[in-house]
Amino acid sequence: MQTAVLNIEGMEDVACADKITELLRGIPGVSDAQVSLRDSIASVLLDASRVTPPMLARQLSAAGYPAAAREAAGGCCGGCCGG
């Protein structure tokens, strides 16, 4: 399992955060998701063999919440190289 952090735009209230949480938890390969309205981020526990942070960001963006995978300390979001 891997933890990914996504930056999310467009969250207006708790209902938006709840919708994003539900959407993320419904994606195959996602074990859990916690969304912070205050910080505009989602922390997602995922199976990197099934889903990548950039894939999650694309799905959120398609749902109307522009998102991007936050880069890890090594400069990699975990999407391209699995790092």
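A Cβ-based charge dipole, computed about the Cα centre of segment 2-69 with Lys and Arg at +1 and Asp and Glu at -1, lands at about 220 debye. Only one of [x] 19, 13, 11; [y] 35, 17, 10; [z] 31, 14, 8 was calculated from the structure for semi-axes √(5λ) of the Cα gyration tensor in Å, and its label is [x].
Every helix of 4 or more DSSP H residues in the chain counts as -39500 (n - 2.57), and over all residues that averages to -8000 deg cm²/dmol at 222 nm. When the charge dipole of the chain is built from unit charges on Cβ atoms (+1 for Lys and Arg, -1 for Asp and Glu) and taken about the Cα centre, the candidate among Val5, Val51, Ile27 whose Cα reaches farthest toward its positive end is Val51.
At full extension, Met1 and Ala15 could sit 2.3 nm farther apart than now, given 0.36 nm per residue minus the alpha carbon distance.
Each Cα pair under 8 Å and six or more residues apart adds its sequence gap; the mean of these over the residue count of the chain is a relative contact order of 35 percent. For segment 8-25, 3J(HN,Hα) computed residue by residue from phi via the Karplus equation (6.51, -1.76, 1.60; θ = phi - 60°) reads 10, 9, x, 7, 9, 7, 4, 4, 5, 4, 5, 5, 5, 4, 4, 4, 5, 5 Hz, glycine and proline entered as x. In this structure, the amide hydrogen of Ile41, modeled 1.01 Å from its nitrogen in the peptide plane, lies closer than 5 angstrom to those of Ile8, Ser36, counting only residues at least 5 positions away or on a different chain.
Quick note: the coordinates plus some simple rules give every number you see, no bench work behind them. Computed from a predicted structure; not experimentally measured. Ideal geometry is used to build each Cβ from the backbone, glycine not excepted, and the neighbour counts take in all protein chains shown.
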